[in-house]
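I have placed the structure first, in the form of structure tokens, so that the comments after it can refer back to it.
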Amino acid sequence: PTKTLKYPAISFDADLGDVIINDTNIISRPNRLQVSAANNLFSQPFENSYSFGSPSNRIIAMQSAAIEMHEMKVGEMPLYVFTDEGIFALVAARNTLYSSVVAVNYDKIINPNTLAINGAIVYITENGVHLLTSQGTQIISSEIHGTNGMPPLEFLRSCKIIHPKQFNEVILFN
């Protein structure tokens, strides 16, 4: 997500918007997601471009809620983009890749590790571990908060998240 894109020395027309050009071949777009054409992963230049929040906002992670898909669910599961300024949802449509960008909340993400599980997404902020579902978000880590009532920030900034199905629980570890 927050990477510097290197383009070969070819010319193409593109809306550069809030692009910062570092040199002639490097373009930095910290808040922009470039997406290929629908059903064509190798379409270059990218056909679709989405930006999130202010020009200085930074994409930290992306995740989609994992459920079994069937014809009636097409477009119901958005792609979630986790940024410095909060969480945004890219909502799909039938005839276009994504039809809109919707701000979900303004949680500040401190760890790029996310986990899709049972139609929900687990993510980490400085307030703790959250669960994002279609009904909203809730903190699920109150039991790991210290005696001062605050979550262990250094642990949360670097931990990994897994969900071994045999235990049916979310595990955080360093």
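Looking at region 86-159, I'd like the Rg to Rh ratio, where Rg is from alpha-carbon atoms and Rh is Kirkwood's inverse mean 1/r.
Working: Rg = 14.4 Å, Rh = 13.6 Å.
Dividing the radius of gyration by the Kirkwood radius yields 1.06.
Would region 108-147 count as rounded, prolate or oblate if I go by the C-alpha gyration tensor, calling it rounded below 1.5 in a/c and otherwise prolate when a/b exceeds b/c, oblate otherwise? Working shown, then result.
Working: a/c = 2.03, a/b = 1.49, b/c = 1.37.
The shape class here is prolate.
Each peptide in 150-160, 108-118, 78-88, 164-174 gets a packing score, the mean of other Cβ atoms within 10 Å over its residues, and the list from highest to lowest is 78-88, 108-118, 150-160, 164-174.
About the Cα centre of region 86-174, how large is the charge dipole given +1 on each Lys and Arg Cβ and -1 on each Asp and Glu Cβ? Please answer in debye to the nearest 20. Display every interim value, and only then the final one.
Working: 5 positive and 5 negative charges, 61 e Å.
Magnitude of the dipole: close to 300 debye.
Determine, from the Cβ-Cβ distance of ARG157 and ILE117 and an R0 of 35 Å, the FRET efficiency 1/(1 + (r/R0)^6), rounded to the nearest 0.05. List each step's numbers first, then the result.
Values: r = 21 Å, r/R0 = 0.61.
The pair ARG157/ILE117 has a calculated efficiency of 0.95.
Summing charges over neighbours of LYS160, with a neighbour being any other residue whose Cβ is under 15 Å away from its Cβ, gives -1 when K and R count +1 and D and E count -1.
Can you give the local net charge around VAL129? Use residues other than it whose beta-carbon is closer than 13 angstrom to its beta-carbon, Lys and Arg +1, Asp and Glu -1. Provide the component values of the computation, followed by the final result.
Numbers: positive: ARG157, LYS160; negative: ASP107, GLU126, GLU143, GLU169.
Summing Lys and Arg as +1 and Asp and Glu as -1 gives -2.
Contour minus end-to-end for SER100 and ARG58, with contour as 0.36 nm per residue of separation and end-to-end as the Cα-Cα distance?
Numbers: separation 42, 0.36 × 42 = 15.12 nm, distance 1.88 nm.
Gain in length upon complete extension: 13.2 nm.
The order of the peptides 49-55, 141-147 by mean Cβ neighbours within 10 Å, most packed first, is 49-55, 141-147.
We did not get these values from a lab; they are worked out from the coordinates using the rules stated. Computed from a predicted structure; not experimentally measured. Here the Cβ is made from the backbone with ideal geometry for all residues, glycine too, and neighbour counts use every protein chain on show.
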